[in-house]
Amino acid sequence: PRGSVVHNVKDGEVWHAAMGIGTEPGFVWLMPRDAWWFAGWWIRPDEREQLAVDACTVPTLVDGIWTWIDLELDVARDQTGRVWIEDEDEFEDAIAGGHIPIDEQSAATAVTKAVVGYLSERVAPFDNSGLDLYADWSQRGLPALDALVL
């Protein structure tokens with residue numbers, strides 16, 4: 001829900017942010033326990049629907065906190081149906097810097113290719129499922145979560 005606090009550690013720096021911007025109710029995130037991605041649905045400040053899927057290590061629940069490592073590659077789809085890959089430059093920079101091992105590079109590349117197809121074909125759950133949940137949950141006025149860790 002809007003106002004949920006997110007914690008992130010990148011390059012040894014910790015930052016905190018509240019989810020949701022302006023009047024947005026927040027985000028819906030799907031973190032499968034056996035796939036190299038997580039997905040997020042939300043309404044952008046310009047009121048357009050957005051879906052983004054991040055290549056990452058398999059999300060794992062550790063002591064009640066979901067954790068994963070962002071592998072930089074992101075696939076997005078907007079309400080027009082346009083699908084694109086973001087942050088390929090960040091992926092290459094992370095590889096050059098020695099931050100992404102070869103097995104994770106291969107997994108990120110493979111999952112990104114697969115997700116482009118899923119989003120283009122609107123394969124569940126990348127059809128309207130996430131936005132339907134978003135619409136339902138945003139109407140409920142759920143309280144903010146204390147902390148999410150990215």
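Selection of region 21-40 for residues being modelled with pLDDT under 80 and either within 16 Å of D74 (Cα to Cα) or within 14 Å of the chain's Cα centre (by Cα) (or both) yields G26, F27, V28, W29.
Please specify each residue of region 58-110 satisfying the condition of being open to solvent by 40 Å² or more (accessible area, probe 1.4 Å), within 23 Å of L30 (Cβ to Cβ), assigned to a helix (DSSP H, G or I) and of a type in the set (A, V, I, L, M). Within region 58-110, just A110 meets the criteria.
Of all residues in region 58-73, those that are under 15 Å from R33 (Cβ atoms) have Cβ atoms under 8 Å from Cβ atoms of residues that are part of a loop (DSSP other than H, G, I, E, B) and charged (D, E, K, R), 6 or more apart or on another chain, in V58/R33; V58/D34; P59/R33; T60/R33; L61/R33. The set of residues from region 51-65 being out of contact with any strand residue (DSSP E or B) (no Cβ under 6 Å at 6 or more places or on another chain) and hydrophobic (A, V, I, L, M, F, W, C) comprises V58, L61, V62.
If only residues of region 111-125 that are farther than 16 Å from Q50 by Cβ and part of a loop (DSSP other than H, G, I, E, B) are counted, the one that is modelled with the highest pLDDT is V123. In the set R82, R77, only one residue is under 27 Å from D136 (Cβ atoms), at pLDDT 90 or above and more than 15 Å from the chain's Cα centre (by Cα); that residue is R82.
The values are calculated or read from the model by the stated rules, or taken from the named source; none is laboratory data. Source: prediction; values computed, not measured. Glycine gets a Cβ as well: all are built from the backbone with ideal geometry, and neighbour counts include every protein chain shown. The protein model used for the area step is the full one, side chains on, heavy atoms only, and it has no ligands, DNA or RNA in it. Shrake-Rupley method; radii C 1.70, N 1.55, O 1.52, S 1.80 Å.
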